[in-house]
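Below you'll find the structure, written out as structure tokens, and then a few comments.
Nothing in this text is a laboratory measurement; each read-out follows from the coordinates by a stated rule. Note that this is a predicted model, so its numbers are computed, not measured. FYI the Cβ positions are ideal-geometry reconstructions off the backbone, even for glycines, and counts take in every protein chain you see.
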Amino acid sequence: MTTSGLSRAIVALVIAGAWSVGTVPSAGAAAGQPPPDLQRIRALYEGASYEDAMRALDSADAASIVSGEQHATLLLYRALCLLALDRQTDAEKAVEDILSTDPLHQPGPEEPPRLVAVFDRVRARLLPSLVRDQYAAAKALFDSRQFAEAASGFERVIQLSSQVADADREKVGDLAMLAGGFLELSRARTAEAAAAHAAVVTRVFTSVDRDVVPPVPIQQEVPPWRPLVPRSLAGDTADARQGRLDVLIGPTGEVQDAVIMTSIDPHYDVALVRAAKHWKYQPATKNGVGVNYRRTILVRLVPSD
């Protein structure tokens, strides 16, 4: 990477405010430690103060919590400084670290030929082991039923396998072919899971569905009923009344709809529906996922004077 190329990368990081946690801090990292001073490291590198830049990089590695993008930029600076100091073996180790984190990393056209040559050499040497490691990781994800993540891993295996030199083909065996088969299976299982999830989320369950945990009321108050003729005057004609209300409870526990199935009183029905739409529930769940649930509620009222 040229100085201008690295400068653009750092400016982009600073503008974006990309100080999110992306890597695990070392044991000596202190909470609240400021992010690495990429501007200073760049200035030291541009000023050919390679030893000072290396000390700044060591400090960043030892004490800073950095994003994954920053970590890659620090490793690139380290490789460039080591090459400038003619520490070829150490520079290759920095490139190994980059490729171990991002096996598909490709140096940009603005990066110096000397660094590109190191990438090519290290990649050729590491490719067989990278293919095996990526396959093992993808297969582990597949076995744990993380099919979308597994598919991405098998895609990397296929792409990396295509770059393996003919002399090293026997080191990766049939992993590309196996990855292709598992890739298709992973994509199919991902599509099936997405369809099943969509079906669960959109379907409306009821008490008939025994594999669904029903909703639990959090707030379910009914409005008071005051008939036009007070009970003290109406006598037996003001007996308690009973009706049925159907409520559709959404996957977040909100009442999405309320319908009177058996009227209690024409005036009271309106008030009851209005109140029901503000009821709150702990939602019904199926396999831990919130689902729609239709519940019938019996409402029995005794008039208040």
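Points to keep in mind about this one:
- For region 205-301, a crude dipole built from +1 on the beta carbon of Lys and Arg and -1 on the beta carbon of Asp and Glu, taken about the Cα centre, is about 100 debye to the nearest 20.
- R0 of 22 Å, Cβ-Cβ distance Gln88-Ser129: FRET efficiency to nearest 0.05: 0.60
- Partners for Lys171 among lysines (Cα-Cα distance below 28 Å; same-chain residues under 8 apart left out): Lys93, Lys139
- Fully extending the segment from Ala240 to Glu192 would add 12.1 nm, taking 0.36 nm per residue of separation and subtracting the current Cα-Cα distance.
- Two-site label geometry, Ser59 and Ser100: point separation in nm, points 7 Å out along Cα→Cβ: 2.6 nm
- Three semi-axes of the equivalent ellipsoid, region 205-301, Cα gyration tensor, whole Å, largest first: 31, 12, 10
- Size of region 159-218 from its Cα atoms: along the principal axes, largest to smallest, the extents are 67, 20, 16 Å.
- Using a Förster distance of 35 Å, the FRET efficiency for Val289-Glu69 (Cβ separation, nearest 0.05): 0.55
- Extending 7 Å from Cα along the Cβ direction at Arg300 and again at Val208 yields two label points whose distance is 2.7 nm.
- What the Cβ-Cβ distance of Val201 and His267 gives, at R0 = 41 Å and to the nearest 0.05, is a FRET efficiency of 0.65.
- Residue order, fewest to most surrounding Cβ atoms within 10 angstrom, among Thr285, Thr89, Thr262, Thr202: Thr89, Thr202, Thr262, Thr285
- Most to least packed among 135-146, 214-225 [average Cβ atoms within 10 Å]: 135-146, 214-225
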